[in-house]
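The block underneath contains the structure these notes are about, expressed in structure tokens.
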Amino acid sequence: MPPTTSVALPASMPRTAHSLRAVSWARARVLAHAAPRASAARTVPLADAVGLALAEDLRTRRPLPAFDTAAMDGYAVAGAGPWRVRGTVRAGSAWGGVLRAGEGVEISTGGQVPSGSSAVLPLELAVCDGDRVSGPLLPPGRHIRRAGEDAPAGSSLAPAGTRIGPALLGLAASCGQDALVVRARPRVGILVTGDELDHTGQPGPGRVRDALGPLLPALVTALGGETRSVRHVPDRPAGLLAEAVHAMRDADIVVVTGSTSVGATDQLRRLLADAEARMVVDTVACRPGHPMLLAELPAGRWLVGLPGNPYAALVAAHTLLGPLTAGLCGRGLDPLPHAPVRGSLRPAPDFTRLVPVSWDGAEARIVGGHRSAFLQGAAVADALAAITPGWTDGSPAPLVLLAG
Ligand SMILES: Nc1nc2c(c(=O)[nH]1)N[C@H]1C(S)=C(S)[C@@H](COP(=O)(O)OP(=O)(O)OC[C@H]3O[C@@H](n4cnc5c(N)ncnc54)[C@H](O)[C@@H]3O)O[C@H]1N2
Ligand code: MOO
């Protein structure tokens, strides 16, 4: 698919080997997701697998349930009553006999139903008289969970790429597994640039408190990555950023904040050209965040450039870093729910606007506080809505969920 929009970039901006045409916001997500090959598979204990992606299908070796199981407390019976009660079966123990017509056993929910049983008569319907029990004739199989009726042995229960959540951990345990074969979380190194930044307390005159040092590690975790380090890199002398990127050899993804623009201290594109990096995304037709970029470094590592303005950086991270992380994990690109978006906003004629919205599950409402440097809207929102040029108040838009 060709880029849907292009922007003219200043002549002063250094050119890399590839196109500087902006791609549409939707296309940027797809490109970032498709760029990497999934990382190597490894086996981890269930407790360490949450949030990772399955590297292979989860299959059950045994049928589920593994044996004919009583779904009610009562009597497993064969044929029509009254039945002679031959014993008791508690959950977790087996009764070796075979029931013949007119016979039954007392049984607990979860107990192994003896062969020959036709149904389980619930206690509420049973009338007991010594070693005899009577009650209505139930249809064959009533209140019995047959072996394999949930899943036959060998069946696939979740495909490779599934993100491992609490239910999948429980399912794997039900299959008798203690470990899962997963893709590792991508290791992320963060480089925060900007000589004007203070990293603690109230910023001094003309200075700005670094918002991205605290924001990004939390976001990396939510997106499925693992932050290895956060370093602050001075803008001068030139060359320090290149050294810092080079030094992050243990990172699968290097995230650089700031330096994406065309100013005297913005070194990122020059650095990538010098390193002969392959540009995958180089500016995106969206606001805010359009100077963002994604490049492949020669050693097969990835570099994501986020604009310095904090809300713009958040938008850019959801556009490139999230899909890239999913691709490295072998996960699919997160599908975006659509909802009618209400509120006052002027859509731009040739790019997508990303705005924070509250979302009640039915309708999304634009919240204020979304200029490039201001995180207030995003801080209280449920999602970012992607507002394309034709949007009018109340028409639907895709939502990028901010949960986590
Ligand atoms: N001549 C042009 N100037 C700019 C353009 C342009 O197209 N032509 N684009 C503007 C847009 S849009 C953005 S976004 C920024 C991107 O700039 P950089 O990525 O190079 O970032 P900086 O210049 O370093 O910083 C921009 C802004 O953000 C503040 N900042 C930076 N880092 C942080 C941080 N970690 N926490 C809080 N605030 C941060 C910084 O102080 C600046 O105010 O370029 C525009 N200019
Ligand atoms: O688009 Mo910039 O990324 O507006 O702040």
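The values are calculated or read from the model by the stated rules, or taken from the named source; none is laboratory data. It should be emphasised that the depicted structure is a prediction, and the values quoted were computed from it without experimental measurement. We place every Cβ from the backbone using ideal geometry, glycine too, and count neighbours over all the protein chains shown.
Miscellaneous remarks
- Of all residues making up the range 29-87, the number that are closer than 30 Å to MET279 by Cβ and in a strand (DSSP E or B): 2
- Scan of the range 255-285 for residues that are more than 11 Å from ligand 1 (Cβ to nearest atom) and of a type in the set (Gly, Ala, Ser), ordered by number: ALA273, ALA275, ALA277, ALA285
One line per residue, one yes/no per condition, for (1) outside the structural domain of ASP252 (by TED's automatic domain parsing); (2) near ligand 1 (Cβ under 9 Å from one of its atoms); (3) touching an Asp or Glu at 6+ places or on another chain (Cβ under 8 Å):
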site	(1), (2), (3)
ILE190	no, no, no
ASP198	no, no, yes
PRO205	no, no, no
LEU215	no, yes, no
GLU226	no, no, no
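- Considering the range 343-370, the residues that are within 16 Å of ligand 1 (Cβ to nearest atom) and over 27 Å from the mean Cα position of the chain (by Cα) include one that is surrounded by the most Cβ atoms within 10 Å (Cβ to Cβ), namely ALA348.
- Top-ranked residue of the range 248-265 - restricted to ones that are within 15 Å of ligand 2 (Cβ to nearest atom) and among the hydroxyl-bearing types (Ser, Thr, Tyr), ranked as surrounded by the most Cβ atoms within 10 Å (Cβ to Cβ): THR257
- Some residue of the range 135-143 being modelled with pLDDT of 95 or more and not in a loop (DSSP other than H, G, I, E, B): no
- Any hit, the range 266-277, residues being within 14 Å of ligand 2 (Cβ to nearest atom) and of a type in the set (Lys, Arg): no
- Selected residue (criterion: nearest to ligand 2 (Cβ to nearest atom)) from residues of the range 166-219 that are part of a loop (DSSP other than H, G, I, E, B) and loosely packed, with under 12 Cβ neighbours inside 10 Å: GLY206
- When the test is whether a residue is in contact (Cβ under 8 Å) with a residue 60 or more places away in the chain, among the small types (Gly, Ala, Ser) and under 20 Å from SER259 (Cα atoms), ALA211 passes it.
- Residue match in the range 60-74 (condition: farther than 30 Å from GLN177 by Cβ, modelled with pLDDT of 95 or more, touching a strand residue (DSSP E or B) at 6+ places or on another chain (Cβ under 9 Å) and not assigned by TED's automatic domain parsing to the domain that holds LEU303): yes
- Considering LEU399, LEU384, the condition of being closer than 25 Å to ALA35 by Cβ, surrounded by 21 or more Cβ atoms within 10 Å (Cβ to Cβ) and not basic (Lys, Arg) is satisfied by LEU384 alone.
- Test for THR325: is it closer than 30 Å to LEU272 by Cβ and more than 16 Å from ligand 2 (Cβ to nearest atom): yes
- Taking the range 100-111 as the range and being assigned to a loop (DSSP other than H, G, I, E, B) and either within 13 Å of ALA80 (Cβ to Cβ) or outside the structural domain of LEU123 (by TED's automatic domain parsing) (or both) as the test, the residues that pass are ARG100, ALA101, GLY102.
- Residue satisfying condition, being surrounded by 17 or more Cβ atoms within 10 Å (Cβ to Cβ) and of a type in the set (A, V, I, L, M), within set VAL127, VAL113: VAL113
- Every pair of residues 6+ apart whose Cβ atoms lie under 6 Å, when the first sits in the range 254-282 and is of a type in the set (D, E, K, R) while the second is part of a strand (DSSP E or B) and more than 9 Å from ligand 1 (Cβ to nearest atom): ARG278/GLU296; ASP282/LEU293
- Index of the failed condition, PRO347 passing every other in (1) in contact with a strand residue (DSSP E or B) (Cβ under 6 Å, 6 or more places away or on another chain); (2) within 14 Å of ligand 2 (Cβ to nearest atom): (2)
- Here PRO323 meets the list (1) within 16 Å of ligand 1 (Cβ to nearest atom); (2) within 27 Å of ARG371 (Cα to Cα) almost entirely, failing just condition (1).
- Of the set (1) at pLDDT 95 or above; (2) away from ligand 1 (no atom under 16 Å from the Cβ); (3) out of contact with any Gly (no Cβ under 9 Å at 6 or more places or on another chain), all apply to PRO310 but (2).
- Residue count, the range 286-307 (criterion: within 13 Å of ligand 1 (Cβ to nearest atom) and part of a loop (DSSP other than H, G, I, E, B)): 6
- Residue satisfying condition, being assigned to a strand (DSSP E or B) and within 16 Å of ligand 2 (Cβ to nearest atom), within set VAL355, VAL280, VAL315: VAL355
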